[in-house]
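The values are calculated or read from the model by the stated rules, or taken from the named source; none is laboratory data. Since the model is a prediction, treat every value here as computed from it, not as a measurement. Methodologically, a virtual Cβ is constructed for each residue, glycine included, from the backbone with ideal geometry; neighbour enumeration extends over all protein chains shown. The area values use the complete protein model at the heavy-atom level, side chains included, leaving out ligands, DNA and RNA. Shrake-Rupley method; radii C 1.70, N 1.55, O 1.52, S 1.80 Å.
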Amino acid sequence: MHHMSVRVRMAPSPTGYLHIGNLRTALYNEFFARHHCGTLILRIEDTDRARYIEGATESLCRSLRAMHILPDEGVWINEAGQLIERGDYAPYLQSKRAERHREYAQKLIAMGKAYVCFCSPAVLDKMRQEQQKAGMAPRYDGRCRLLHPEESAARVSAGESHVIRLAFPREGSVTVMDEIRGDVVFDWNELDDQVIIKSDGMPTYHLAATCDDHDMWITHVIRGEEWLPSTPKHLFIYEAFGWKPPIFAHLPLLLNPDKTKLSKRQGDVSVEDFLAKGYLPEALLNFVALLGWNPSGDREIYTHDELRSAFELEKVNKSGAVLNLEKLDWMNAEYLKSMDTDAYLDLVLPELRKLGGDEALQKRVAMLIRSRLIRLSDVPDVSGEYFHPLRNLNPSIIPWKGQQPADVKEKLAAAREELAGLPDYLWASTDDLEHHIKEWITRRAWQNGPVLWPLRVALSGREKSPSPFELLYVLGREASLARIQAAIDSLQ
Ligand code: GLU
């Protein structure tokens with residue numbers, strides 16, 4: 001057929017939310033497909049019914065959509081939230097292809113590359129125990145290979161429970177040629193005869209994924225390193241059928257900061273969780289894209305398009321990539337700072353509306369917190385104090401170094417009076433307020449510290465906060481004067 005062009009697939013299993021590792025795999029497939037003007041396919045690998053989670057396929061599709069990863073072919077979710085399949089190689093929900101997988105398994109049996117195995121879980125258990133007692137590595141000993149095909153067929157017809165296994169070579173080795181890792185050699189005697197059809201008649205991942213990749217004309221299989229040890233099994237199937245294998249690329253593991261392997265079961269590493277915590281999809285995408293690859297070396301901020309055009313499989317690192325969430329925080333803050341102001345306000349104002357106040361106050365607060373905001377979910381934390389009178393102001397933090405309470409009171413009272421008399425137009429900008437107040441301090445022959453520190457703490461209630469001028473501007477005259485008065489009253 002016609003497929004000279006690149007065809008890649010994302011093949012998640014619907015066992016939960018889209019994990020950050022699956023997002024990275026999806027992204028690299030997308031970058032690769034777009035870079036080569038190829039086709040991106042979403043296949044859902046749902047043959048393991050025991051691990052299937054209701055609604056997981058829908059949630060995977062929604063997360064991919066939220067991250068702007070749109071497949072050209074395969075499973076997708078429509079506006080009404082229903083799963084649809086589109087493309088010439090449907091079905092893309094793998095369980096619907098099970099009949100075809102069983103046919104492939106029968107062909108492998110006919111070719112002597114697979115066999116029926118009747119060993120029950122109890123038999124396998126006993127085998128394992130005996131091997132362990134003898135100090136051997138536990139493995140299937142291949143006893144059902146010896147059954148005569150006619151006997152096997154008769155037992156199957158009689159309804160005896162069975163699985164189908166691949167008949168791997170007993171010796172020699174197999175080389176996986178990997179785009180990222182180079183040649184990786186596996187010894188056949190390390191590998192157990194892999195089950196390809198389970199006793200319930202469902203194919204396992206190894207058979208299903210390999211046959212589907214072939215049937216869907218996949219040219220490049222880009223997936224996590226945890227699948228590398230499975231690749232020899234897949235190569236065995238390709239070779240048995242005389243199919244040309246795709247090019248393989250196994251992406252480096254994701255690691256915790258202590259270099260331990262990031263577990264899928266670990267909480268809070270799903271795309272849904274990150275988005276719910278107020279990370280921007282663009283920042284999350286940028287962050288995940290750089291787990292194991294960087295287009296240039298020192299630059300960190302890239303748009304989706306820039307990543308697509310720079311992506312090269314051969315440049316992906318071999319060594320594990322550490323998930324450093326502080327870097328994600330930094331990146332998200334950078335996105336919030338540098339994005340278009342209107343877009344920023346569209347994101348932040350809905351959060352601020354929940355806190356009260358009028359639109360004008362909300363806008364001033366939005367701009368004030370912009371330089372310090374890390375995630376949208378932090379909005380209440382960093383701006384709650386602008387909307388309500390301060391509670392629990394701690395008077396001991398109001399004085400400047402060594403300043404006596406009487407002096408603090410005097411300075412605050414004087415500042416309050418000065419501010420009360422300022423014309424409205426001076427309240428309309430942080431700069432004008434700063435200029436005026438500093439000039440007034442100079443005129444009084446005071447130092448900045450003993451005036452501006454108490455003023456700032458009176459307005460913010462915190463030892464660390466934006467400048468007093470920003471606070472005055474954001475709070476406005478009425479709230480500022482009330483806060484200064486409350487601070488004066490709190491001092492003995
Ligand atoms: N279904 C496998 C997963 O959940 C896909 C592995 C592969 O890409 O071959 O990751």
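Here the chain is treated with +1 on each Lys and Arg Cβ and -1 on each Asp and Glu Cβ, and its dipole about the Cα centre works out to around 880 debye. Across all directions, the average projected area of the convex hull around the alpha carbons of the range 384-459 is 5.7 nm².
Annotation: the chain has a Kirkwood hydrodynamic radius of 27.4 angstrom, from the mean reciprocal C-alpha pair distance.
Accessible area per residue for the chain is 48 Å², calculated with a 1.4 Å probe on protein heavy atoms, without ligands, DNA or RNA. Taking every alpha carbon pair in the range 169-209, what does the distance histogram look like in 10 angstrom bins from 0, in percent? Going out from 0 Å in 10 Å bins, the range 169-209 shows 26, 33, 34, 7 percent.
Note on the range 186-281: Rg/Rh from C-alpha atoms, Kirkwood Rh, equals 1.06.
The alpha carbons of the range 107-168 stretch over 36, 24, 15 Å along the principal axes, in descending order.
The residue among Ala482, Ile44, Val116 whose Cα reaches farthest toward the positive pole of the charge dipole of the chain, with charges on the beta-carbon of Lys, Arg, Asp and Glu, is Val116. Given the protein chains as shown and a 1.4 Å probe, how many square angstrom of Asp381 are accessible, to the nearest 10? For Asp381, the solvent-accessible surface is approximately 110 Å². Across all C-alpha atoms in the range 233-376, the radius of gyration and Dmax reach 20.2, 71 Å.
Remark: for residue pairs Lys261/Lys337; Lys107/Lys233; Lys113/Lys244; Lys198/Lys233, the C-alpha separation exceeds 25 Å in Lys261/Lys337.
With a sphere of radius 15 Å drawn around the Cβ of Asn392, what net charge do the other residues whose Cβ falls strictly inside it have (Lys, Arg +1; Asp, Glu -1)? Its environment carries a net charge of 0. With the largest listed first and rounded to whole Å, the semi-axes of the equivalent ellipsoid of the range 422-468 from the Cα gyration tensor are 18, 16, 7. If I fit a long axis through the Cα atoms of helix 20-35 and take the longest principal axis of the Cα atoms of the chain, what angle between them do I get, 0 to 90°, rounded to 10? Rounded to the nearest ten degrees, it is 80. Averaging over all projection directions, the Cα-based convex hull of the range 1-95 occupies 6.2 nm² in the image plane. With a ≥ b ≥ c taken as the square roots of the eigenvalues of the C-alpha gyration tensor of the range 59-125, please select rounded if a/c is under 1.5 and otherwise prolate if a/b is larger than b/c or oblate if it is not? It is prolate, given that a/c is not under 1.5 and a/b is the larger ratio. Dividing the Cα radius of gyration of the range 38-89 by its Kirkwood radius returns 0.96 for Rg/Rh.
Please give the helix 430-443 orientation as an angle from the longest Cα principal axis of the chain, in degrees from 0 to 90, rounded to the nearest 10. For 430-443 against the chain, the angle is about 40 degrees. Legend: translational diffusion of the range 273-319 by Stokes-Einstein, Rh = Kirkwood radius over C-alpha pairs, 10 °C, 1.306 mPa s; D = 138 µm²/s. Considering only Cα atoms, the convex hull volume of the range 353-490 works out to 107 Å³ per residue.
Evaluated with a Cβ-only charge set (Lys, Arg +1; Asp, Glu -1), the range 91-151 carries a dipole of roughly 260 debye about its Cα centre, given to the nearest 20. Taking a ≥ b ≥ c as the square roots of the eigenvalues of the alpha carbon gyration tensor, the range 81-203 is oblate, as a/c is not under 1.5 and a/b does not beat b/c. Under 15 Å from the Cβ of Ala105, count the other residues' Cβ atoms, weight Lys and Arg +1, Asp and Glu -1, and hand me the total. Summing Lys and Arg as +1 and Asp and Glu as -1 gives +2. Rounded to the nearest 20 debye, the dipole magnitude of the range 308-376 is 180 debye, with +1 charges on Lys and Arg beta carbons, -1 on Asp and Glu beta carbons, and the Cα centre as origin. Percent of Cα-Cα pairs more than 28 Å apart in the range 4-159, please. Result: 44 percent of Cα pairs exceed 28 Å. Only protein atoms count toward the accessible area here, which uses a 1.4 Å probe; on the chain, the carbon and sulfur part of that area reaches 51 percent.
To the nearest 10 degrees, how steep is helix 405-420 against the longest Cα principal axis of the chain, on a 0 to 90 scale? Taking Cα atoms only, the helix is inclined about 90 degrees. Using C-alpha pairs under 8 Å with a sequence gap of at least 6, the mean separation divided by the residue count of the chain gives a relative contact order of 13 percent.
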